[in-house]
Structure formats: structure tokens, C-alpha cells
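Asker: The structure under discussion is supplied below as C-alpha cells; questions concerning it will follow.
The values are calculated or read from the model by the stated rules, or taken from the named source; none is laboratory data. In this text, all values refer to a predicted model and were calculated from it rather than measured experimentally. Methodologically, a virtual Cβ is constructed for each residue, glycine included, from the backbone with ideal geometry; neighbour enumeration extends over all protein chains shown. Ligands, DNA and RNA are stripped out before the accessible areas are found, and what is left, the full protein with its side chains, is counted by its heavy atoms. Shrake-Rupley method; radii C 1.70, N 1.55, O 1.52, S 1.80 Å.
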Amino acid sequence: MIETRGFKVLRAAGLAVLSAIVVLPLYVILVTSVKPLEDVRGVFTWIPSTVTLEPYLRIWTTVPLADYFVNSLIVTVSATVCSVVLAVMAAYALSRFAFRGSRAFSLVVLSTQMFPGILFLLPLFLIFTQIQNTVGIQLSGSHLGLIITYLTFSLPFSIWMLTGFFASIPKELEEAAMIDGLGRIGALVRVVIPVARPGIVAVSVYCFITAWGEVLFASVLTNSDTRTLAIGLRAYASQTDVYWNELMAASVVVSLPVLVGFMLVQRHLISGLSAGAVK
Amino acid sequence: MSSRRSPHGASAAPRRRRRSPLPYGLVAPAALMELLIHIVPMILGVWIAFLALTQFSIANWVGAPFVWLDNFVAGLDPAGAIGSQFYGALGRTLVFTLVVVAFSWALGMFAAVLLTSRFRGNGWLRTLFLVPYALPSYVGTIAWAFMFNQRDGVVNRILVEDLGILDEGPFWLLGGNAFWVIVVVTVWQFWPFAFLMLLAALQSIPGDVYEAAALDGASLWKQFTRITLPMVRHANVVLLLILGLWIFNQFNVPYVLFGPASPEEATLVSPLIYQQSFNNWNFGVGGAMSVLLLLALLVASAFYIRLVMPKERSIDD
């Protein structure tokens with residue numbers, strides 16, 4: 001757009017309003033997380049009467065936050081690694097070969113990506129129950145069960161994104177490597193994957209973020225031993241009281257890893273996400 | 001996207017045309033997982049919609065009696081108690097989707113237009129605007145739950161004390177207000193995605209088009225409606241469909257705000273299926289609702305696939 005004077009005024013005002021919309025909840029989280037409990041009760045105050053880091057210390061003992069953290073890490077990292085490894089292989093095949101069934105496979109990947117977890121939750125829950133009844137392997141309430149269900153959203157997404165990334169890498173690179181004596185797989189591992197590394201990292205971070213924030217499957221498929229952060233944070237609300245300051249401090253702590261990861265790869269993530277939609 | 005044929009095709013083409021088992025080997029593990037986590041559950045989901053599945057039969061669901069269309073009658077009969085709830089939720093979810101998509105798109109477009117121009121601080125704002133999208137969804141929702149909290153929350157503090165718009169702070173998380181709360185929270189979480197997509201699309205428009213238009217005396221609004229909108233048409237279509245599907249399926253925001261049972265005025269389809277299945281143990285009825293949802297989404301994703309599937313992929317087989 002041409003930057004007339006009017007546009008500049010509109011821009012400043014518009015950006016101020018948008019920033020306020022974004023920042024307000026973030027400010028509330030931060031300021032509440034450093035208030036003492038008596039300051040959180042009653043009408044909200046913009047400035048805390050006293051600033052204290054006590055909530056950040058107490059969050060670890062009020063609820064077993066460290067356990068939830070470990071559960072979330074196990075499930076999220078496993079689901080991310082599984083889906084990215086499977087997706088790298090599949091996406092390479094889709095981006096480099098024309099083969100019977102490739103279109104059908106892509107169709108399944110694209111369409112299931114649009115389906116909500118609620119469609120798969122009940123059937124998977126029943127399958128897990130049945131496996132436990134017949135084979136005796138406990139999936140419902142275990143890390144493994146949750147990891148499998150997290151693939152329902154991370155795998156199609158990873159395949160779709162990585163196919164796009166791989167397609168943008170010139171084939172001549174691998175052809176040169178293959179002339180130098182590498183096989184297809186060798187060329188994939190030694191040439192294509194290193195070149196696509198920013199894309200692979202971006203997809204991994206995206207899968208991590210999505211799984212870290214997942215609520216639906218976790219609410220049904222975890223028990224007191226395998227509870228993830230998404231469900232565990234509810235424990236700061238007791239029957240009689242909500243420890244809002246601790247809840248907000250815990251929110252800050254669980255958000256930091258994903259926010260940092262997101263900021264580190266946002267450039268690649270943005271180019272990849274938009275490559276799919278904007279051509 | 002580049003063509004699949006190599007430019008120096010003569011030597012490469014015969015090698016590629018030979019049926020190699022390699023692509024099948026590479027796709028097989030992912031295909032097997034897709035089968036296990038998507039195809040089998042979908043088929044099973046349709047099957048259980050025809051079973052009498054309650055808390056009594058769930059432990060041994062394979063032996064649950066086949067009841068033909070009873071679940072569909074119970075769950076989808078507009079005159080019945082559950083059916084009227086379902087159609088209410090369906091209509092509400094459609095309104096919810098339209099309102100949230102409209103606001104998310106408008107905010108995203110506004111921000112994208114403002115940040116396409118270069119100025120100091122542009123990069124910082126771009127990053128800031130993406131924070132709601134990167135934040136775990138339940139964290140953002142918890143913050144809003146606190147802000148809409150009863151009479152003493154931030155929202156009422158602003159409306160009553162700081163701005164003086166209302167005399168007394170209403171209850172937000174009960175009754176009809178609850179619907180608007182999920183609208184606000186969902187828009188807050190999703191508009192950055194619209195912003196991100198539209199920013200990418202806007203950056204592909206060459207600047208001299210606007211210069212020429214400005215020389216001809218076109219106003220900013222004219223430039224927006226005559227140049228910007230037509231140029232991002234394709235991105236818009238895909239974006240609106242993706243956003244629409246995501247928001248139609250929204251579960252996290254109502255679940256974190258209200259717990260397992262939303263107030264009736266704010267019950268959407270996904271949470272209703274959850275309630276039927278896991279609160280009321282009416283798995284068969286939940287299954288019947290899921291089948292209807294599945295059919296609707298299959299139609300929507302057929303549109304989506306036509307839009308995003310690369311053209312050349314349909315030629316070779």
C-alpha cells in the first residue's frame with residue numbers, strides 16, 4: 001500500500017489496538033503470577049500490592065507439576081519423533097516418485113487432517129479396551145496409548161508439510177550424489193535431509209506445540225499417573241478455592257518451552273505453512 | 001511446484017519408469033499407521049453407531065447388541081430430548097463458526113495489511129501477534145477464564161470501573177453470555193493464523209501495482225478492494241475453509257472454560273458428542289452424532305482437497 005499520511009495514522013492506531021488485544025491476557029497472566037494470594041482475591045488490580053516470586057516456588061508442591069511435566073515431555077517428544085520419522089520417509093516418496101496409490105494416500109492424509117479428534121477418540125478408546133481385554137496390554141491410561149492417539153493429528157500434518165519442503169529441493173542435488181555412488185536412501189540421508197533440516201525442525205516444533213497443548217485425548221486417556229500438563233493444571237482449583245496466582249505461574253512455566261521453540265523456528269514454520277495455502 | 005519430469009529426462013526417465021519397490025517401502029510405515037489411527041477407527045465409529053453401547057456394555061463392547069437405527073432415532077430425532085439438543089448445538093456451532101471466522105479473518109487481514117509496509121518495529125509486532133497462536137491453547141483459555149471471572153474479573157473491572165460502560169458486572173460464564181465468551185477466546189487464539197497466511201499472500205503482490213493505482217488517484221479503500229482482495233483470492237478461499245473446519249470442530253476452549261459440561265447456550269457439537277459419550281455413557285448415541293459429523297466433514301474436505309491438491313498430482317498415476 002502507498003504510505004500516505006492518513007495510512008500512517010491509521011496504521012499506528014490499528015497496531016496499537018491489535019497489540020492491546022494480544023497483550024492484555026499476557027499481562028494478566030504475568031501480573032497475577034507474581035501476586036500474593038490475598039491480592040488475587042477480590043476485584044482485579046492492575047498493579048500488584050506486593051511483587052512476590054512465591055507462587056513460582058509453591059506450584060511444585062501444591063500439585064505434582066514436575067510429574068505432569070515429565071508425562072507431557074515423554075508423550076510429546078515420542079509422538080513428535082514418531083510422526084516426523086514416518087513422515088520424512090513417506091514425504092520423500094510422495095515428492096520424488098510417481099507410484100500407484102500415491103494419490104489415494106495423499107487424499108487420505110489431506111482429508112483426515114481436517115477431522116476432529118472427537119471422531120477418533122471413542123473408537124480408539126474402544127480398541128484400547130478390547131486390546132486390554134484380550135491381550136492384557138494396558139493402553140488406556142498409558143503413555144503409549146496417548147502417543148498413538150497424538151499421531152492422529154501430527155502424522156498427517158507432518159507428511160503434508162514435509163512433502164512441500166522436499167518438493168522445493170532441486171532433484172539435481174540427489175542426482176549428483178547418486179552419480180557419485182550413493183544409493184537412493186544414501187542420497188536421502190546424506191543430501192536431502194540435511195538440506196531440508198530447517199523444514200524438518202519447523203515441522204517437529206509444530207508437532208511438539210500441538211501435542212503439548214492437546215486437551216481432548218488427554219482428558220480421557222490419562223490417569224493420575226500419566227496426567228499431562230493440559231489436564232494437570234486443573235488441580236490448582238480445589239473444591240473451595242482457585243489458586244489463581246499459582247495457576248498463572250504454572251501457565252508461564254509450561255508456556256516457556258513452546259514459546260521459545262516457536263520463536264526460534266517461526267521463519268521456517270511460516271514459509272512452510274503458507275506454502276501450502278498460498279501458491 | 002516443479003514438474004516431476006527431469007529437464008535432462010532422456011537418461012533419467014527409463015530408470016524411473018521401472019517399477020521400483022522403494023517408494024512403497026518408504027510409504028508403508030506411514031500408510032500402516034494411517035490405517036490404524038484413521039481408517040480402522042472411522043469404520044469402527046460407523047459400526048458402533050448401530051450398537052447399544054452404554055456403561056454396562058462398554059467393557060465387552062464387541063458383544064453389544066446391534067440395534068439398527070435406534071441410536072440415530074434417539075440422538076438425531078428433532079422431537080426427542082437428545083435430538084433437539086443436537087440440532088441446537090449444530091445450529092449454534094454454525095453461527096459460532098461464521099462469527100469467529102469472520103472476526104478472525106477481519107483482524108488477520110487488517111494486521112497483515114498494516115504490517116506489509118516497512119517501518120521500524122515491524123518484526124517485533126509480527127512476532128508479538130503470533131504469540132496467542134503459539135501459546136498452549138489451554139493456557140490462553142485459562143487466562144480468559146480468569147479475566148471473565150464472575151464479578152471481580154478483569155473484563156468487569158474494565159467495563160465497570162475503568163470505562164464505566166456498565167453499572168454492574170454481569171456473570172459471563174453462565175447463560176447466554178457464555179456463548180460470546182467462547183467467541184472472544186476462540187477469535188483471540190485463531191486470528192494470528194489468518195494473519196500469518198494473509199501476510200504471506202500479501203507479500204507476493206508486487207508494490208508497483210499500488211504505485212500505479214495511487215498515481216491514478218485510487219483511494220486506500222479502492223486499492224484494498226480492487227487490488228488486494230482479488231490478488232489474495234486463492235489464499236483466502238483455502239484459509240477460510242481451514243479456519244472454518246478448525247473452528248467448527250472446536251473443543252479445547254469450551255472444555256477448559258466450562259469443564260466437561262458447557263452451559264446449554266454455549267454447547268458446540270464436538271463437546272456435545274463428548275458429553276454424550278463420556279459423561280452420560282451413551283456411546284451409541286455419541287457414535288450416531290459422530291457419523292453425521294463425519295459425513296458433513298467429508299463433503300467439506302472434498303472441497304478442501306480440490307483446492308490444495310497440486311494439479312500435476314492428478315495427471316500421473
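Asker: Hey, any hits in the stretch B:294-305 for a residue that's in contact with a Phe, Trp or Tyr (Cβ under 8 Å, 6 or more places away or on another chain) and either more than 8 Å from chain A (Cβ to nearest Cβ) or closer than 24 Å to B:Asp70 by Cα (or both)?
Answerer: Scanning the stretch B:294-305, I find at least one residue that is in contact with a Phe, Trp or Tyr (Cβ under 8 Å, 6 or more places away or on another chain) and either more than 8 Å from chain A (Cβ to nearest Cβ) or closer than 24 Å to B:Asp70 by Cα (or both), so the answer is yes.
Asker: Does the stretch A:192-210 include one or more residues that are at pLDDT 90 or above, at the interface with another protein chain (Cβ under 10 Å from one of its Cβ atoms) and out of contact with any Gly (no Cβ under 9 Å at 6 or more places or on another chain)?
Answerer: Scanning the stretch A:192-210, I find at least one residue that is at pLDDT 90 or above, at the interface with another protein chain (Cβ under 10 Å from one of its Cβ atoms) and out of contact with any Gly (no Cβ under 9 Å at 6 or more places or on another chain), so the answer is yes.
Asker: Just give me the residues in the stretch A:77-94 being surrounded by fewer than 20 Cβ atoms within 10 Å (Cβ to Cβ) and under 21 Å from A:Leu188 (Cα atoms), in sequence order.
Answerer: A:Val81, A:Val85
Asker: Looking at the stretch A:40-53, can you tell me whether even one residue there is assigned to a helix (DSSP H, G or I), of a type outside the set (Asp, Glu) and either open to solvent by less than 40 Å² (accessible area, probe 1.4 Å) or over 23 Å from B:Ala145 (Cβ atoms) (or both)?
Answerer: Looking through the stretch A:40-53, at least one residue is assigned to a helix (DSSP H, G or I), of a type outside the set (Asp, Glu) and either open to solvent by less than 40 Å² (accessible area, probe 1.4 Å) or over 23 Å from B:Ala145 (Cβ atoms) (or both).
Asker: If you don't mind, another one. Would you mention how many residues in the stretch A:1-39 are open to solvent by 30 Å² or more (accessible area, probe 1.4 Å) and acidic (Asp, Glu)?
Answerer: The total comes to 2.
Asker: When only residues in the stretch B:256-270 that are part of a helix (DSSP H, G or I) and open to solvent by 10 Å² or more (accessible area, probe 1.4 Å) count, which is nearest to B:Ser290 (Cα to Cα)?
Answerer: B:Glu264
Asker: Still on this structure: Scan the stretch A:231-239 and give yes if some residue there is in a loop (DSSP other than H, G, I, E, B), open to solvent by 10 Å² or more (accessible area, probe 1.4 Å) and free of Cβ contacts under 8 Å to residues at least 12 places away in the same chain, otherwise no.
Answerer: Checked the stretch A:231-239: at least one residue is in a loop (DSSP other than H, G, I, E, B), open to solvent by 10 Å² or more (accessible area, probe 1.4 Å) and free of Cβ contacts under 8 Å to residues at least 12 places away in the same chain.
Every residue, every condition in (1) over 23 Å from A:Ser204 (Cα atoms); (2) touching a Phe, Trp or Tyr at 6+ places or on another chain (Cβ under 7 Å); (3) not β-branched (Val, Ile, Thr), yes or no:
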residue: A:Ser72; (1), (2), (3): no, yes, yes
residue: A:Leu86; (1), (2), (3): no, no, yes
residue: A:Ala90; (1), (2), (3): no, no, yes
residue: A:Arg100; (1), (2), (3): yes, no, yes
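Asker: Separate question: Within the bounds of the stretch A:96-117, is there any residue that is free of Cβ contacts under 8 Å to residues at least 60 places away in the same chain, within 16 Å of A:Thr226 (Cβ to Cβ), open to solvent by 10 Å² or more (accessible area, probe 1.4 Å) and β-branched (Val, Ile, Thr)?
Answerer: No, that holds for no residue.
Asker: Which one of these is within 12 Å of another protein chain (Cβ to nearest Cβ) and under 23 Å from the mean Cα position of the chain (by Cα): A:Ala104, A:Ala66, A:Ala87?
Answerer: So the residue among A:Ala104, A:Ala66, A:Ala87 that is within 12 Å of another protein chain (Cβ to nearest Cβ) and under 23 Å from the mean Cα position of the chain (by Cα) is A:Ala87.
Residue-wise test of (1) of a type in the set (Phe, Trp, Tyr); (2) under 22 Å from B:Tyr255 (Cα atoms); (3) modelled with pLDDT of 95 or more.
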{"site": "B:Gln85", "(1), (2), (3)": "no, yes, no"}
{"site": "B:Gly91", "(1), (2), (3)": "no, yes, no"}
{"site": "B:Val95", "(1), (2), (3)": "no, yes, yes"}
{"site": "B:Arg118", "(1), (2), (3)": "no, no, no"}
{"site": "B:Trp124", "(1), (2), (3)": "yes, no, no"}
{"site": "B:Ser137", "(1), (2), (3)": "no, yes, no"}
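Asker: Now, a different point. Of all residues in the stretch B:188-208, count the ones that are outside any helix (DSSP H, G or I) and more than 9 Å from chain A (Cβ to nearest Cβ).
Answerer: Total satisfying the criteria: 2.
Asker: Being out of contact with any strand residue (DSSP E or B) (no Cβ under 7 Å at 6 or more places or on another chain) and at positive phi: is that true of B:Gly169 here?
Answerer: no
Asker: Now for a separate question. Take the conditions within 23 Å of B:Phe278 (Cβ to Cβ), more than 26 Å from the chain's Cα centre (by Cα) and either within 13 Å of another protein chain (Cβ to nearest Cβ) or open to solvent by 60 Å² or more (accessible area, probe 1.4 Å) (or both) and apply them to B:Asp77. Does it pass?
Answerer: The answer is no for B:Asp77.
Asker: Another one. Go through the stretch B:80-100 and count every residue that is open to solvent by 20 Å² or more (accessible area, probe 1.4 Å) and of a type outside the set (Gly, Ala, Ser).
Answerer: Looking only at that region, the number is 9.
Asker: Of (1) facing chain B (nearest Cβ under 9 Å); (2) buried (at least 19 other Cβ atoms within 10 Å of the Cβ), A:Leu139 satisfies all except one. Which?
Answerer: A:Leu139 satisfies all of (1) facing chain B (nearest Cβ under 9 Å); (2) buried (at least 19 other Cβ atoms within 10 Å of the Cβ) except (1).
Asker: Output the qualifying pairs, or none if there are none: Cβ atoms under 6 angstrom, residues six or more apart or on different chains, first residue in the stretch B:19-36 and within 7 Å of another protein chain (Cβ to nearest Cβ), second residue in a loop (DSSP other than H, G, I, E, B) and aromatic (Phe, Trp, Tyr).
Answerer: So the pair list comes out as B:Pro23/A:Phe97; B:Pro23/A:Phe99.
Asker: Looking only at residues that are outside any helix (DSSP H, G or I) and of a type outside the set (Asp, Glu) in the stretch B:168-178, which one is most open to solvent (accessible area, probe 1.4 Å)?
Answerer: Checking each candidate, the answer is B:Leu174.
Asker: B:Leu22 - would you say it is within 30 Å of B:Glu265 (Cα to Cα), open to solvent by 20 Å² or more (accessible area, probe 1.4 Å) and at pLDDT 85 or above?
Answerer: When the stated conditions are applied, B:Leu22 does not pass them.
Asker: Shifting gears a bit: Of the residues A:Ser224, A:Ser219, only one is assigned to a loop (DSSP other than H, G, I, E, B) and over 20 Å from A:Leu256 (Cα atoms); which?
Answerer: Selected residue: A:Ser224, the only one of A:Ser224, A:Ser219 that is assigned to a loop (DSSP other than H, G, I, E, B) and over 20 Å from A:Leu256 (Cα atoms).
Asker: If you scan the stretch B:117-132, which residues turn out to be open to solvent by 40 Å² or more (accessible area, probe 1.4 Å) and more than 7 Å from chain A (Cβ to nearest Cβ)?
Answerer: Passing the criteria: B:Arg118, B:Phe119, B:Arg120, B:Gly123, B:Trp124, B:Arg126.
Asker: Picking from B:Val181, B:Val253, B:Val185, B:Val238, which residue would you name as being out of contact with any helix residue (DSSP H, G or I) (no Cβ under 6 Å at 6 or more places or on another chain) and open to solvent by less than 10 Å² (accessible area, probe 1.4 Å)?
Answerer: Every option except B:Val181 fails the conditions.
Asker: Oh, and also: I need the full set of residues from the stretch B:271-296 which are surrounded by 21 or more Cβ atoms within 10 Å (Cβ to Cβ) and within 16 Å of the chain's Cα centre (by Cα), in order please.
Answerer: Those that are surrounded by 21 or more Cβ atoms within 10 Å (Cβ to Cβ) and within 16 Å of the chain's Cα centre (by Cα): B:Pro271, B:Leu293.
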